[in-house]
C-alpha cells in the first residue's frame, strides 16, 4: 500500500458518520416548486433526481483517483424523507445511540423541523404503508413474527452486470428513444404509461452525464491551482475521464472504475435501495480493461492495484443510510452489503478465475476494510489455488471473503426459471442472496421468526409478550398426543403468519410500483428499457420476492427437545414443559441443563435432530415458494439473519432447547451457538440435510480456531472441507477465525480493539460496533474447547 | 453380532492423524504411562467416573451425560459414526484412524473395526505404541493402510523410566513390520530434556537408517494442552514446568532427520 492509499485509508477510517440533510433539503425544494404536480410520477422522480445531481455538493478528496460521494463528504450520509421521515426524536436517537450512530448537528435538526418534517410527514411511503396494511399485519409486526424491509428503505437488491462497460449513457438514451419509438399506442393500453417511464429514464441518464460534467469542471479548476505537477496531471486526467464517461463507454481500466462509481452514486442517490447496489462480477467485467492497459503499457500491476484500492475506499466512505426502530434492530450495522463477486464461471460455463481475480484478492487482504464486502464463487471447475488463496485471507481473521458454491447458485436459478447463461452470469449479493445480475429484481421483503411461531403454537395462538391472540386456535398443547400433532399445529400457525406477511408484501409492492418508481436504476436492469416498465413495477426480466427464515437451529432444537423429552422418552409432561418455559427456567435449572446438554441438537450430524430440520424446512418452503407476487415473479425462501436473530430473540420467550427468554436465536442455518460439539464436518453434514437448491441462499457460519489454519496442511484440509460441503450442494460458508478469549478481551477493552473485524452474519463488522447482545452471541458461537 | 469395546472419544475433522480429513477413534487403555502423555484419560481401560466431564459423544440416541470418561460401544456404533464422514474422506483421501491409548490392547475390537472399514472401502490407519505381540500386527496388517508408529527413546533404561515399559518389543516389532512392506509412518514426539538430546537423536537416526520402507517421519512437538486434564483428573503431571520446543528447534530437527532421505513433517 503506497502513501496515497495509506492516507485515504486513514481518512475513511477516521471519517465520522453523520447525517447530511443536503439531499432531503434539495428534494423538498424541488417538490415545493409544484413541478411534480404537473408531471407523471416517474417524470417527477426523474426531475427530482436531476435536481439533486445538479445541486449536490461536489467532493474531491486529497489524493483520490476516483471521485464522487453520496453525501457532501465521506460518511456524510443522506436521508430519504420521501420513504421515511425521521422525527426530531429519531434524529436525537441517531445522534446519541451507543452503536451505529450518526452525528446530527443543530442545523440539520432545524432544517428537519422547519422544512423536511412538515412537508413529508404525511407524504412518506412509510406513512402510506402503515395506513394500508391490515391491523393483523401490524400486530404480527409488533409481536416480532416478521420484519418489513421496505418500511424505511426502497426495494433494491440488485447487482450490475457488464452492460455499462459496453454502453455509455448516450447509448442507453438511444435505446430508450428506440423503445419509445416502438411503442404501440393502438394495441398497448399501457403505452402512455410506458412512455412516461421511458422519458423518466432518459432524464435520469442525462442527469448522470451532467453530474459527471460538473465533476470534470471541478477537477479542471483544481488542476489549475494545483502546484504539485504529478497531482496536476492526475486531476487533468480525471477531468478527461469524467468528460468521457459515463456519457460514452469506458476505454480504460480507470474509466471503467470511475464510470461504475458514478452509476453506483446514481443508484444510491435516487433511492436508498436495500443492500446497496454493487458491481457484481468485478474480476470478469474489468478483465478486458486490465489486460488491454497492461499490454499497452498504460498501467502496470501497481497502477491497477492503486486504482482498485482507491475504488475500495469509495465504498467504505458510504455507510448504510441511517435506520431506526425494528429496521435498525434487524440490520444494525454501517455496512451496506456491497458484495464484490470473484471467480465462478464464464457465460460459457468455464472456469472464470483470471489474473485479475488474484490481484483483487490481494487488494482485499491489504485494504482490510468493512466495505465493500467480498466473496469468492467456487465452482467445481475453479482450481484449488483460488480457494487456497481465499483461505489465506480468511485466516487473517476479518471474515472476508465469504465462499459460495457457483454450481449450487446456478441450479437454484435454473429452478427459478432463469436461462443458463443468465444464471452463470449471476451470483450472490447482500449477504448470500442468489440473483441474476443485471436482470433481476430480487427483493428481500423481511425476516421471518421461525422460533416465535413455536412459542405462539405452544400458547394456542396467543403471544405472551404483547398479550394478543395473533395466531389461530390450534389447540391446547396439553391435548397433543403425538409429536406429529404438534408439528401439524406449528405448520398451521406458520402458514397463517406467512399469509399475513405475503398480503402485506403485495400491498407494499404495489405502493412502490405506483408511487415510488426508480427510473435511473431501471436503465441498468434488463429488460426495463425494452418493456418500458420500471424496476419497482416488474420491468426486470426476473422478479423474485424473498422471505428470509431465521432461527433454523433454534426451532430445530426446540422441536427436537419436545419430541425427545415429552413424546419419545417421556421425561417430562407437556404441562411441566409449558410451565417451565413460562418461568424462564428460573425454578428448574436442572431441566434447563437437560435441555441444553442431554437433548439432541442440530449441527452434530445426528438424524434425530436433523430430521426435524428437514421437516421445518419443508413446512417453510411449502408455505412460501412459488406463490405469485404482483410483478410476474414468485415468492421464494432463503435462510439468513443479518442481525435479526438478536432482535427476534429479544421478542421470543424461553424455548424448549434451553434458551432463556429474550436471548438471541441461532443465525442463518448455523447450529445454536455452542451446541455443535463434533466439529466442522458434522456441522456441514447437518447443514446439507436441507435442500439448498430449493432456496435462494442459505448462510452457514463456521467457527475455526486460528490453529486449524496455521499450516499449509491446515489450509488444504479447509479447502477439502469446503469442497465437500459444495459437493453436498451447500450454498455458502464463511469462517470466523478468532478465539473467544480475544473477543472477551475486546469486550473489556474496546479501545484497544478498534480495528477488530469479525464475521457477523452475511457480512463483517467491527466487533466494538456490535450491540452487547450480539457480541455475546458471537463469543458463544466462536470456539469452545472441550476436555 | 458386533464386538464391543471401550473408547473415550471420536474426533472428526482430524487433520493430523494421517492423510486427508479423518475421523480418529480413541480406544481406551494403554500399557505405557508416558510422562508427557497428551491423553491421560486414555490410560485406564475401563470407563471412569469424572464429574466435571464435558464429554458429550452421543451414540445410538443416548444423550445422557454419564459424567464419566469412556464408554462401552459396539463396533457397529463406531462404524456408523465413521461412515458419516465418507464424503470428506473421498474429497481428501482421508479415512479412519484408530488411536488410543494403545488400540492393540483391544485387538479383536480393533480388527473388527478395521475389517468393517475395509468392507466399506474406507481407508484406515492405526496409531500405535508398538507395544504388543507381533501376531496382532499380522492379524490386522491387510486391513490397515497405514501404521502411525511411535518412536520415543532408544536407551531402554530411559524408555522404562519415562514410559514404564521396555522398548525391546517395540523396536523389534517395528523392524518386522517394516520388513512386511511400506505402510509405516514414524511418529517421534519431541520432548525437551527427555528425548531431545544429541545422544538419543543420533541413536534414533542410526536405528531409523537400519530400517527399510519407512514412508515418512512426523516430528510431534510436545505441547502443554493436556495440563488441565491432569489437574481435573487428579493424575500427577510429572512434567508441569516443561516448555514446548521452539519452531526453530523443530526446523533443525526436520533437517536432521531428513538426512535419512526420508520425508519429514513437523507438527501435529
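The values are calculated or read from the model by the stated rules, or taken from the named source; none is laboratory data. Because the structure is predicted, anything quoted here is derived from the model rather than measured. Every residue, glycine as well, gets a Cβ built from its backbone with ideal geometry; the counts of neighbours run over all protein chains shown.
Summary table
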item: Answer from A:599, A:630, A:642 - the residue that is more than 14 Å from chain B (Cβ to nearest Cβ) and crowded, with 24+ Cβ neighbours inside 10 Å; result: A:642
item: Only listed residue being surrounded by fewer than 18 Cβ atoms within 10 Å (Cβ to Cβ) and under 20 Å from residue A:71 (Cβ atoms), chosen from A:153, A:97; result: A:97
item: Subset of segment A:689-722 that is assigned to a strand (DSSP E or B) and farther than 17 Å from residue A:404 by Cβ - its residue that is farthest from the other protein chains (Cβ to nearest Cβ); result: A:703
item: Answer from A:551, A:538 - the residue that is surrounded by 24 or more Cβ atoms within 10 Å (Cβ to Cβ) and in contact (Cβ under 8 Å) with a residue 60 or more places away in the chain; result: A:551
item: Residue count, segment A:602-619 (criterion: surrounded by 19 or more Cβ atoms within 10 Å (Cβ to Cβ) and either without any contact (Cβ under 8 Å) to a residue 60 or more places away in the chain or more than 30 Å from residue A:638 (Cβ to Cβ) (or both)); result: 1
item: Test result for residue A:734, away from chain B (no Cβ under 14 Å) and either at negative phi or surrounded by fewer than 24 Cβ atoms within 10 Å (Cβ to Cβ) (or both); result: yes
item: Residue that is part of a helix (DSSP H, G or I) and in contact (Cβ under 8 Å) with a residue 40 or more places away in the chain, where the choices are A:24, A:48; result: A:24
item: Residue under evaluation residue A:667, criteria (1) farther than 21 Å from residue A:325 by Cα; (2) away from chain B (no Cβ under 14 Å); (3) within 28 Å of the chain's Cα centre (by Cα), criterion not met; result: (1)
item: Qualifying positions in segment A:338-350 - buried (at least 24 other Cβ atoms within 10 Å of the Cβ) and part of a loop (DSSP other than H, G, I, E, B); result: A:338, A:344
item: Any hit, segment A:183-204, residues being under 27 Å from the mean Cα position of the chain (by Cα), assigned to a helix (DSSP H, G or I) and touching a residue at least 24 places away in the same chain (Cβ under 8 Å); result: yes
item: Evaluation of residue B:17 against (1) modelled with pLDDT under 95; (2) away from every other protein chain (no Cβ under 12 Å); (3) closer than 16 Å to residue B:102 by Cβ (one fails), failing number; result: (2)
item: Residue that is surrounded by 24 or more Cβ atoms within 10 Å (Cβ to Cβ), under 25 Å from the mean Cα position of the chain (by Cα) and over 29 Å from residue A:164 (Cβ atoms), where the choices are A:523, A:508, A:562; result: A:508
item: The lone exception for residue B:59 - which of (1) modelled with pLDDT under 95; (2) touching a strand residue (DSSP E or B) at 6+ places or on another chain (Cβ under 8 Å); (3) within 30 Å of residue B:164 (Cβ to Cβ); (4) within 14 Å of chain A (Cβ to nearest Cβ) it fails; result: (3)
item: Unmet requirement for residue B:235, which otherwise passes all of (1) at pLDDT 85 or above; (2) crowded, with 16+ Cβ neighbours inside 10 Å; (3) closer than 30 Å to residue B:68 by Cα; result: (1)
item: Of all residues in segment B:63-87 being out of contact with any strand residue (DSSP E or B) (no Cβ under 6 Å at 6 or more places or on another chain), farther than 30 Å from residue A:730 by Cα and outside any strand (DSSP E or B), the one that is farthest from the other protein chains (Cβ to nearest Cβ); result: B:75
item: In segment A:236-250, residue nearest to the chain's Cα centre (by Cα) [restricted to those that are crowded, with 20+ Cβ neighbours inside 10 Å and either in a loop (DSSP other than H, G, I, E, B) or in contact (Cβ under 8 Å) with a residue 60 or more places away in the chain (or both)]; result: A:246
item: Residue within segment A:56-65 that is modelled with pLDDT of 95 or more and within 26 Å of the chain's Cα centre (by Cα) present; result: no
item: Answer residue from segment B:91-103, given it is facing another protein chain (nearest Cβ under 9 Å) and in a helix (DSSP H, G or I) and is nearest to the chain's Cα centre (by Cα) among those; result: B:92
item: The lone exception for residue B:130 - which of (1) closer than 25 Å to residue A:723 by Cα; (2) away from chain A (no Cβ under 14 Å) it fails; result: (1)
item: Inter-residue pairs, beta-carbon under 8 Å, first on the phi > 0 side of the Ramachandran plot and in segment B:185-206, second surrounded by 12 or more Cβ atoms within 10 Å (Cβ to Cβ), 6+ apart; result: B:193/B:242
item: Test: residue in segment B:196-205 that is surrounded by 15 or more Cβ atoms within 10 Å (Cβ to Cβ) and within 14 Å of chain A (Cβ to nearest Cβ); result: no
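Rundown of residues vs (1) within 14 Å of chain A (Cβ to nearest Cβ); (2) assigned to a loop (DSSP other than H, G, I, E, B); (3) surrounded by 20 or more Cβ atoms within 10 Å (Cβ to Cβ); (4) at pLDDT 95 or above, yes/no style:
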site	(1), (2), (3), (4)
B:1	no, yes, no, no
B:11	yes, no, no, no
B:23	yes, no, yes, yes
B:36	no, yes, yes, no
B:41	yes, no, yes, no
B:46	no, yes, no, no
B:89	yes, no, yes, yes
B:106	no, no, yes, yes
